[in-house]
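First the structure, in the form of structure tokens, and then the observations on it.
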Amino acid sequence: MRKRTAKKLVKCVDDILSSMEMLTKFKENSYMVSKVKKVCSDNTAVLETKKDAGERYSELLDEFKKKIESSDIEGAKKTADDFKNLISDSVVYKVVFMPYKASMWDSLESVWMAADKDKRCEAVVVPITYYELDSNRNPVKRVNEREEFPEYVPVVNDEEYDLENDRPDIIYIHNPYDNTNLVTRVDSRYYSWNLKKYCEKLVYVPYYKWVGGVSSASFKSAMYYADYTVQSSDDAVKRCIEASPEYATILGLETIVVRKAMEKKLINLGSPEVDKVLSLSKDNVPMPDDWKGKVIQSRVNVLYNTTLDEIFKSKTFDKVKETLAFFKENSEKAFVIWRPHPLMKQTLISMLPNLVNEYNEIMNEFVNGDYGVIDANPSMYYAMFWSDMCYGCKTSSLTELYKYTGKMVLEDDPKLTKFVSKCSTENILNKLKESNVVSEPDYSLDSIVDIIAGNDELKDGKHLNLENSGFKINNYILEKMCQEDEN
């Protein structure tokens, strides 16, 4: 039964006990006797409405009624304790997941899986409506992506879900921006401060992966209005707390108030996206049809992750052209799965228009070649699973997540071109056997590809035995709920 129902039933039991005790003091007063009997009758009637709660519930209710009728206060108290314990143990928490982008569902999926299997939960997924905005931040298109979620995830139409009356116990979100996003914006009823009105615990799980030492601790409103913000490292928690003065200025509050809130709300429970990486298999990420016959075991298949950030910093495609030229010249031993940021062209048009023609030329030459494929899949996990190593900027969430495959990661320095690795082949091999992450300029793309080509076992990666973050998050929030119920 729902928690609010359980609280109502426990109150009925307590009211009956209080009335019985009052009766001992005023048993000669006919008016009080009639009042007490009515209180007992009314509350018993409420308890009767839940007789479908199970055989044990019915047994204890019948026993409790007999004690009431015989005015056996001590016996009623003992039965009441058993009755209330049974009611409390029967509580099922309504847990609602409110993602907005299907492509970002991986930030919540393992939490939903844990809640869906947990007998203490009734888990529901309600993809929420958002709007695409024009350059003046006006809504131009209304979007709901519920049809794009995996088939194994049952979804509810947000237009049919009565949030205000259902009042779930827990709500999970992955959109932290509320009314501040410049590109897309969720419907106002789903702003974090509005959602908080209709649940006991609002939990924000970021859709980005924290990259140690380089990720931004910039303010996102849900971090303050949610009861908890899940982070993936102690470093992330620490740096967000340290940014409290900045947050306080934005909110117009005292720093001490915001800092105390952040210290309470920010928790390191890992990343559901890491859970997703660890769960990848041929069954859940089958090879895309247009990759078949191209991504083959006899070559080193390299996921080349090109980010907006590195192009902004270098303001040139020289490194990209050099990298693609390497694969073209070494197509017998290496093959590239190139994943440029999906907003690369639109962003260049807006912010670096002088590079648009060059980018178009690079793209046309690449797609007409036979030394690689463009990864335009909404999900990055196909490329992560079917590649043998990753080459990408260390500030990228994709590059960070790839480390959890256990396969090789070469961190790209986008400003470095035409350099030679400083390490010998023997030193490189020893390094790769102890660590799956190396960086330029100590290690170069051609040297790492050569080593992997000659050592097939490096393609398999190192096995990582990590606790499931979805389970940790679900359990942590439920335990907090239970502790508060007991107090």
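Tell me the angle of helix 425-434 to the major Cα principal axis of the chain, expressed in degrees between 0 and 90 and rounded to the nearest ten.
Orientation of helix 425-434: about 0 degrees from the principal axis.
When ranked by the protection proxy of mean other Cβ atoms within 10 Å per residue, highest first, what sequence do the peptides 182-189, 275-282, 130-137 form?
275-282, 182-189, 130-137
Applying a 10 Å radius around every beta-carbon, put 165-173, 232-240 in order of their mean neighbour count, most first.
Final packing ranking: 165-173, 232-240.
Please compute the per residue accessible area over the chain with all protein chains in place, 1.4 Å probe, rounded to a whole number of Å².
Each residue of the chain exposes 49 Å² on average to a 1.4 Å probe.
Which entries of Lys238/Lys459; Lys117/Lys141; Lys238/Lys394; Lys220/Lys480; Lys8/Lys66; Lys78/Lys260 have Cα-Cα distances beyond 31 Å here?
Distance filter (> 31 Å) returns Lys238/Lys459; Lys117/Lys141; Lys78/Lys260.
What's the carbon and sulfur percent of region 212-369's accessible surface, probe 1.4 angstrom, rounded to a whole number?
Ligands and nucleic acids excluded, carbon and sulfur reach 51 percent.
Using the Cα gyration tensor of region 350-481, with a ≥ b ≥ c the square roots of its eigenvalues, what is the shape: rounded (a/c below 1.5), prolate (a/b larger than b/c) or oblate (neither)?
Oblate is the answer for region 350-481, as a/c is 1.5 or above yet b/c matches or exceeds a/b.
At a 1.4 Å probe radius, which order do Thr255, Thr323, Thr316 fall into by accessible area, largest first?
Thr255, Thr316, Thr323
Per the 1.4 Å probe, what fraction of the accessible area of region 434-487, in percent, lies on carbon and sulfur atoms?
It is 42 percent, rounded to a whole number.
How large is ³J(HN,Hα) for each residue in region 286-293, as worked out from phi by the Karplus curve 6.51 cos²θ - 1.76 cosθ + 1.60 (θ = phi - 60°), to whole Hz, x for Gly and Pro?
x, 4, x, 4, 6, 9, 5, x
Which of the GluC sites (Glu not before Pro) found in region 141-229 are in a DSSP loop and have at most 11 neighbouring Cβ atoms, other than their own, within 10 Å?
Glu151, Glu159, Glu160
What distance in nm separates the two pseudo spin-label positions at Glu361 and Asp283, each 7 Å out from Cα along the beta-carbon direction?
It works out to 4.9 nm between the two label points.
For n ≥ 4 DSSP H runs only, could you compute -39500 (n - 2.57) per run for the chain, divide by its residues and tell me the 222 nm figure to the nearest 500?
Result for the chain, helices only: -13500 deg cm²/dmol.
The values are calculated or read from the model by the stated rules, or taken from the named source; none is laboratory data. Keep in mind it's a predicted model, so treat the numbers as computed, not measured. No Cβ is skipped: glycine too gets one built from the backbone with ideal geometry, and neighbour counts run over all protein chains shown. These accessible areas exclude ligands, DNA and RNA; they are computed on the full protein's heavy atoms, side chains included. Shrake-Rupley method; radii C 1.70, N 1.55, O 1.52, S 1.80 Å.
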